[in-house]
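For reference, the structure is listed below as structure tokens.
The values are calculated or read from the model by the stated rules, or taken from the named source; none is laboratory data. Fair warning: this is a prediction, and the values are worked out from it, not measured in the lab. Every residue, glycine among them, receives a Cβ derived from its backbone with ideal geometry; neighbour counts consider all protein chains shown. Each accessible area value is taken on the protein alone, full model and side chains, heavy atoms only, with ligands, DNA and RNA left out. Shrake-Rupley method; radii C 1.70, N 1.55, O 1.52, S 1.80 Å.
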Amino acid sequence: MQTLLVPVASHDALPSVFETAILAARRFGSLIEGVSLRPALAEYVPVDMVGGMTWLRDEEADKAEAETAGQAFVAFMEQAGLPLAAQGPCTPETVAAAGARYRWRADVPAGDAFLGQYARLFTATVVGRPGGSDGTPRMTTFETALFESGRPILLAPPIAPATLGEAILIAWNGSTETARAVAFAMPFLRQARRIRVISVEGGTVPGPSAEDLAQALACEGIAADFRAYSAGRRTPGEVFLTEAETFGCDLLIKGAYTQSRLRQMIFGGPTSHLLAHAGIPMLMAH
């Protein structure tokens, strides 16, 4: 977790995104890089239903928005006491002695496509938990980073967490996606005080059990207990959040979209439930 990418856009959860990134950076001595996230002009071509005219976002306003994003990012990092990263390329020697630090990259193009590509260079991307209303992070930001980067996503909750990675819950379903999430989360797992693996009957795919994963983690030198819940009236997503609260979890690890996005949009699913209701940080991968 040595490099964390933070796409910065205007939404109500932005302070929580910053704080979550800082908690991770202090835990691992990470470099936080902020970039302005704004839609490409071509992504916004609204149609005037009365006059039949189209218009584009104002380019000057778009640039001003990017500058404001950079100012907000730098101000928050300075207030948190993080130093500005040294200029020049990283070297193993400078990284070992650097500790948590930040930098801002100003020269980035607009559009989510850039985010999906650039995020491939970072250990993880920190974004806010997406919502479906004004003032919440965009779902397209989360999905672009999730599907295009090949890297994990650290999702910040709407309200900034006090801790990160002390008590970890793994929402295990036996899938490839969750196996990837667990692999990406190993730095957190090696430092956690408590770890629990849980599975829910009816919410798994053919694959290893929660007990199998706990035993595999033990072979890695990581202690974890496990719980396997039978099917009941609660959905797997509801079980995960209830157990996270009972466990005192401050990081939930899960594979995203074991079922297809379309199926989850229509019928619901654990990923959709967590994205709509989780109040804790989550590390996800696909």
| query | Condition test on E148, is it without any contact (Cβ under 8 Å) to a residue 60 or more places away in the chain, among the acidic types (D, E) and over 13 Å from Y257 (Cα atoms)? | reply | yes
| request: Considering only the stretch 110-129, state which residues are open to solvent by less than 40 Å² (accessible area, probe 1.4 Å) and either at pLDDT 90 or above or of a type in the set (S, T, Y) (or both). | output: F114, L115, G116, Y118, A119, F122, T123, A124, T125, V126, V127, G128
| Among the residues of the stretch 186-222 satisfying the criterion of being of a type in the set (A, V, I, L, M) and within 16 Å of T271 (Cβ to Cβ), which is surrounded by the most Cβ atoms within 10 Å (Cβ to Cβ)? | V200
| field | T176, sole failed condition from (1) among the β-branched types (V, I, T); (2) open to solvent by 70 Å² or more (accessible area, probe 1.4 Å); (3) free of Cβ contacts under 8 Å to residues at least 24 places away in the same chain | value | (3)
| Checklist (1) at pLDDT below 95; (2) surrounded by fewer than 19 Cβ atoms within 10 Å (Cβ to Cβ) applied to E166, failing item | (1)
| said: So, in the stretch 244-269, exactly how many residues are over 20 Å from the mean Cα position of the chain (by Cα) and either hydroxyl-bearing (S, T, Y) or modelled with pLDDT of 95 or more (or both)? | reply: 2
| message | Within the stretch 100-109, does at least one residue satisfy the condition of being open to solvent by 70 Å² or more (accessible area, probe 1.4 Å) and in contact with a Leu (Cβ under 8 Å, 6 or more places away or on another chain)? | response | yes
